[in-house]
Amino acid sequence: MRLDLSLYLITDRGLCAEHGLVETVVAAVRGGVTLVQLRDKHASDAELVDQARRLKAALTGTGVALIINDRLEVALAAGADGLHIGQDDGDVAEARAALGPQAILGLSVQTHDQLACIDPSALDYLGLGPVFATPSKHDHAEPLGFEGLAALAAASPLPSVAIGGLKAEHLAATWGAGAEGLAVISAICGTPDPEMAARAFARPSRR
Ligand code: TZP
Ligand code: MG
């Protein structure tokens, strides 16, 4: 499955509730989202597998990959296209071994020390952030700003996607910092019209 980090939608159970999870994602993909991550810290594995299967079915034919946050077993059971893990979410090598070589595997990185410890051969991309403080993640690390993002992106041996408080108005600064794309929750999920919200991120010269 194609890895296109341009506009990476991460779901939030509460924020997607207004339109429904699948409806929100489908609308956002119509609007230009290029990659989707199912993220829910509270759902049971069984609930998440069910949601992932429904999302996967809804994404069929779009070319947009479905990534699962944190839970390797869910990614495997649901036949998702990949997994995204944080620094404390388990071992990258183990995840790669379990997922196989074709799956997409991403890792969150907040610091240069963390970057120095990664094995790029086991990973496909890095999530760099948070760029800004955000209420969407309670325990987030110190915000990087665009300067910090640029420094990390420049040092990254892998394609990177920026995350944390990003809105459509930050598109140019994010590309300018060297990230391949923007990962967002609230800029799309928490809006009355997720399709229009995704369209606001379109940059014709890059699509
Ligand atoms: N990791 C770092 S910041 C963040 C995650 C999952 C939340 C991003 O959400 P938002 O609403 O786009 O700021
Ligand atoms: Mg995590």
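Please list, by residue number, every one of the trypsin sites (Lys or Arg not before Pro) in region 1-90 that is coil in DSSP and has at most 16 other beta-carbon atoms within 10 Å.
Answer in residue order: Arg2, Lys41.
Could you check the simple spin-label distance between Arg199 and Gln114, using points 7 Å along Cα→Cβ, in nm with one decimal?
Output for this residue pair reads 3.5 nm.
If you average the alpha carbon positions of region 146-179 and of region 77-129, how far apart do those two centres end up, in angstrom?
Answer, in whole Å: 18.
Can you tell me the equivalent ellipsoid semi-axes for region 1-59? Use √(5λ) from the Cα gyration tensor, largest first, whole Å.
Numbers: eigenvalues 68, 34, 23 Å².
Equivalent ellipsoid semi-axes, largest first: 18, 13, 11 Å.
Kirkwood hydrodynamic radius, region 108-178, all distinct C-alpha pairs: what's the number in Å?
Result for region 108-178 stands at 12.2 Å.
Would you mind calculating the relative contact order of region 11-164 from Cα pairs under 8 angstrom and at least 6 residues apart, reporting the percent as a whole number?
Over region 11-164, the number comes to 15 percent.
May I ask you to derive the FRET efficiency for Ala98 and Val22 from their Cβ-Cβ distance with R0 = 30 Å, giving the value to the nearest 0.05? The partial results should precede the final answer.
On the way: r = 26 Å, r/R0 = 0.88.
FRET efficiency, Ala98 to Val22: 0.70.
Assuming 0.36 nm per residue, please report the length gained on full extension of the stretch Thr60 to His42 beyond their Cα-Cα distance. Working shown, then result.
Numbers: separation 18, 0.36 × 18 = 6.48 nm, distance 2.61 nm.
Taking 0.36 nm per residue and subtracting the Cα distance, the gain is 3.9 nm.
Could you give the dipole magnitude of the chain about its Cα centre, charging the beta-carbon of Lys and Arg +1 and that of Asp and Glu -1, in debye to the nearest 20? Numbers along the way, then the final one.
Numbers: 16 positive and 25 negative charges, 159 e Å.
It works out to roughly 760 debye.
Pick out which of Gly20, Gly32, Gly164 has the largest mean-square fluctuation in a Gaussian network model of the chain, springs linking Cα atoms closer than 10 Å.
Of the options given, Gly20 has the highest mean-square fluctuation.
Can you sort Cys117, Cys189 so the residue with the fewest Cβ neighbours within 10 Å comes first?
Cys117, Cys189
Ranked by Cβ crowding within 10 angstrom, fewest neighbours first, how are Val33, Val131, Val26 ordered?
Val26, Val131, Val33
From largest to smallest, what semi-axes in whole angstrom does the chain give when each is the square root of 5 times an eigenvalue of its alpha carbon gyration tensor?
Largest first, the chain gives 23, 21, 15 Å.
Using Cβ contacts closer than 10 Å as the measure, can you line up Ile163, Ile188, Ile10, Ile118 from fewest to most?
Ranked by crowding around the Cβ, least crowded first: Ile118, Ile10, Ile163, Ile188.
Throughout, read-outs are computed from the coordinates displayed, never taken from laboratory work. Here the structure is a predicted model, which means the values were calculated and not measured. Glycine gets a Cβ as well: all are built from the backbone with ideal geometry, and neighbour counts include every protein chain shown.
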